[in-house]
Amino acid sequence: MEVKANEIIAVRKKLSEDSLVADQALQHHKWVAEWINSLAKDSDSILEIGCGNCKLRNYLKARYVGIDPIKHSDLSDEEYFRVGHGEAVPYPAESFDFILVKDAINYFSDITPVLREASRVLNNNGSLLLTESVGKKFHPATQVIKNLLKKYVGVGRNIWDSTYLNWYSVYFLIRSAKRFGFDSEFKYVKGESRYYLVLKKISKRQSEI
C-alpha cells in the first residue's frame, strides 16, 4: 500500500510553522465536526481514516478512533489511535456507525479497496463520510476537468498535491460507491470552501426491496 510518507511529513511540518494556516485548519476542524455532530449520536462510533494527529476527536460527540499510516510525533499509543491503512482497516466487520475520510481521499491510488473495507467495517445502515476542502469556485463538473489537468499536466496544483496518489472527483466517488451498495447525499458549502458527501450503506434487506 503506497503512501507518500516523506512528502506528507514535509508538508505537514511546513504548514505547522504558519500560524495563519493553523488557524484555518482549526476552523475547518470545527466545520467538519459540526457536520458530523448533526449526523451522529453520542452513542455512535466513528473511525477516521487518515486521521493525522486526531485533533478532530476533541470536537466530536461520537466515540472516536483513528488510523493513519504515519504516526504523528505528538501521538502516543492511545486507545483511540492505531497505525493502519484504509485499504486494510485493522478492525473487525461491522465495528462502526460512521467512517470519516477528511481531506485524505486523494492519498489512495485506488479507491476500490477503501470502499470495500468501509463496507466491511460499517454496521448495517452505517455511513461513509467524505469531505474535501475544494475552494470557493467549485462545481462537480468542472472538478473533473481540473483534476485531469492536475493529474496529467500538473496545472493548478497546490502544496498538498505533491502528497497525492490520485485525484478523485465527486462524480467518480459516487459512481464507485454505488457499486458497493452505498446511496449518496452531496452538498457544497461555499462559505466553508468544502464539499460534504454522505455515502450510506444499504442493508441487505433494503437492497433486495
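Computed values, structure above
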{"read-out": "Segment 60-113: projected area of the alpha-carbon convex hull, averaged over directions, in nm²", "value": "4.6"}
{"read-out": "Above-threshold pairs, the threshold being 28 Å between Cα atoms, out of 14/178; 41/150; 4/150", "value": "14/178; 41/150"}
{"read-out": "Heavy-atom accessible surface of segment 1-152: percent carbon and sulfur, 1.4 Å", "value": "51"}
{"read-out": "Alpha-carbon gyration tensor eigenvalues x 5, square-rooted, for segment 5-63, Å", "value": "25, 14, 7"}
{"read-out": "Under-5 Å amide H pairs with residue 126, H placed in peptide plane, nonlocal only", "value": "201"}
{"read-out": "Euclidean distance of C-alpha centroids, segment 84-99 and segment 125-188, integer Å", "value": "22"}
{"read-out": "Over segment 1-109: Rg over Rh, Cα atoms, Kirkwood Rh", "value": "0.95"}
{"read-out": "Trypsin sites (Lys or Arg not before Pro) restricted to DSSP loop in segment 84-138 with at most 15 other C-beta within 10 Å", "value": "136, 137"}
{"read-out": "Of 148, 173, 130, the one that fluctuates the most in a GNM where the chain has Cα springs shorter than 10 Å", "value": "148"}
{"read-out": "Net charge dipole size for segment 6-142 [Lys, Arg +1 and Asp, Glu -1 on Cβ; Debye, nearest 20]", "value": "280"}
{"read-out": "Helix-only [θ]222 nm of the chain, DSSP H runs n ≥ 4, -39500 (n - 2.57) each, per residue, nearest 500", "value": "-10000 deg cm²/dmol"}
{"read-out": "Choice from 193, 119, 43 with maximal GNM fluctuation in the chain (Cα, 10 Å cutoff)", "value": "43"}
{"read-out": "Charge dipole magnitude, Cβ of K and R +1, D and E -1 - segment 90-209, Cα centre, debye nearest 20", "value": "380"}
{"read-out": "If the convex hull is drawn through the Cα atoms of the chain, its volume per residue in Å³", "value": "125"}
{"read-out": "Summed side-chain charge close to residue 156 - residues other than residue 156 whose Cβ falls under 11 Å, Lys, Arg +1, Asp, Glu -1", "value": "+3"}
{"read-out": "Segment 122-209 - Rg over Rh from alpha carbon coordinates, Kirkwood radius", "value": "1.04"}
{"read-out": "Residue with peak Gaussian network fluctuation, the chain [Cα springs, cutoff 10 Å], from 169, 16, 73", "value": "73"}
{"read-out": "Where only C-alpha atoms are counted, convex hull volume of segment 53-157 per residue in Å³", "value": "145"}
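The values are calculated or read from the model by the stated rules, or taken from the named source; none is laboratory data. Values in this document were obtained by computation on a predicted structure and should not be read as measured data. Cβ atoms come from the backbone with ideal geometry, glycine included; neighbour counts cover every protein chain shown. Each accessible area value is taken on the protein alone, full model and side chains, heavy atoms only, with ligands, DNA and RNA left out. Shrake-Rupley method; radii C 1.70, N 1.55, O 1.52, S 1.80 Å.
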